[in-house]
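This report concerns only the one structure given below.
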Amino acid sequence: MIALIDYDAGNIKSVEKALELLGEQVVLTREPEILLGADKVILPGVGSFGDAMENLDRYGLISVIHKIVEKKTPFLGICLGLQLLFESSQESPGVPGLGILKGEILRIPGEEGLKIPHMGWNSLEFPRQGRLFREVPAGSYVYFVHSYYLRAAEEEIVTATTSYGTCIHASVEKDQVFACQFHPEKSSRVGLQILKNFADLGKEGI
């Protein structure tokens with residue numbers, strides 16, 4: 001069973017529908033017992049970094065997320081969910097993130113001809129082999145919607161990058177923690193393969 005963390009963020013239902021399309025059993029919940037007992041956990045969402053951290057705190061989910069990660073349960077952050085895993089964001093100065101991974105979230109630098117928020121399809125390059133990208137060729141296109149991007153402190157955890165005014169760390173993997181800035185649930189066949197790869201973790205030695 002895959003648990004989606006319910007913390008009043010946007011776009012969670014589309015992730016749920018994509019996983020159901022893959023035949024996965026999915027539950028949307030903020031109940032600690034269910035989240036801690038799940039086979040895999042996803043932190044999806046779009047919205048403001050500060051509001052999201054406030055909601056996670058209000059629902060008592062910050063300590064639950066840390067316990068899930070400590071248990072080595074496969075954990076996937078999507079879009080805002082990626083950003084929350086890190087230490088801070090320029091979007092909400094003074095608001096600490098979950099701090100599970102080291103790095104900061106920066107505003108995409110403005111330049112002539114570059115629209116912000118970044119909304120659209122961009123291709124991925126893979127500086128390191130990541131388990132999310134099994135059977136996904138380099139150069140594959142995925143869908144982004146964001147104004148802020150990740151600069152990870154540990155280059156070795158970066159498994160995918162893209163370029164949009166700067167080099168964006170588009171996906172990371174460390175132990176059993178995975179995250180992607182793009183939306184796999186909106187990225188057609190490639191995105192479904194990425195979600196399938198996450199769902200298949202632990203099966204047949206994956």
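Summary of computed values
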{"quantity": "Checking residue 162 against (1) touching a residue at least 60 places away in the same chain (Cβ under 8 Å); (2) open to solvent by less than 50 Å² (accessible area, probe 1.4 Å), the condition it does not meet", "calculated": "(1)"}
{"quantity": "Output for the range 173-191, where each listed residue is under 14 Å from residue 19 (Cβ atoms) and open to solvent by 50 Å² or more (accessible area, probe 1.4 Å)", "calculated": "186"}
{"quantity": "Residue among 90, 25 that is under 14 Å from residue 149 (Cβ atoms), polar (S, T, N, Q), surrounded by fewer than 21 Cβ atoms within 10 Å (Cβ to Cβ) and out of contact with any helix residue (DSSP H, G or I) (no Cβ under 8 Å at 6 or more places or on another chain)", "calculated": "90"}
{"quantity": "Hits in the range 149-160 (condition: in a loop (DSSP other than H, G, I, E, B) and either among the charged types (D, E, K, R) or under 14 Å from the mean Cα position of the chain (by Cα) (or both))", "calculated": "154"}
{"quantity": "Residue match in the range 104-122 (condition: among the polar types (S, T, N, Q), farther than 22 Å from residue 23 by Cα and touching a Gly at 6+ places or on another chain (Cβ under 8 Å))", "calculated": "no"}
{"quantity": "Residue within the range 69-78 that is touching a Lys or Arg at 6+ places or on another chain (Cβ under 7 Å) and more than 26 Å from residue 3 (Cβ to Cβ) present", "calculated": "no"}
{"quantity": "Residue tally, condition open to solvent by 40 Å² or more (accessible area, probe 1.4 Å), at pLDDT below 95 and either assigned to a loop (DSSP other than H, G, I, E, B) or among the hydroxyl-bearing types (Ser, Thr, Tyr) (or both), over the range 12-22", "calculated": "0"}
{"quantity": "When residues of the range 172-183 are limited to those that are part of a strand (DSSP E or B) and touching a residue at least 60 places away in the same chain (Cβ under 8 Å), the one farthest from residue 203 (Cα to Cα)", "calculated": "183"}
{"quantity": "Within the range 108-127, considering residues that are modelled with pLDDT of 95 or more and open to solvent by 30 Å² or more (accessible area, probe 1.4 Å), the one nearest to residue 47 (Cα to Cα)", "calculated": "121"}
{"quantity": "Selected residue (criterion: most open to solvent (accessible area, probe 1.4 Å)) from residues of the range 28-50 that are touching a residue at least 40 places away in the same chain (Cβ under 8 Å) and farther than 21 Å from residue 192 by Cα", "calculated": "48"}
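The values are calculated or read from the model by the stated rules, or taken from the named source; none is laboratory data. For clarity, every value in this text was computed on a predicted model and none was experimentally measured. Here Cβ is always computed from backbone atoms with ideal geometry, including for glycine, and neighbour counts include all displayed protein chains. When the accessible area is computed, the model is the full protein with side chains, heavy atoms only, and any ligands, DNA or RNA have been set aside. Shrake-Rupley method; radii C 1.70, N 1.55, O 1.52, S 1.80 Å.
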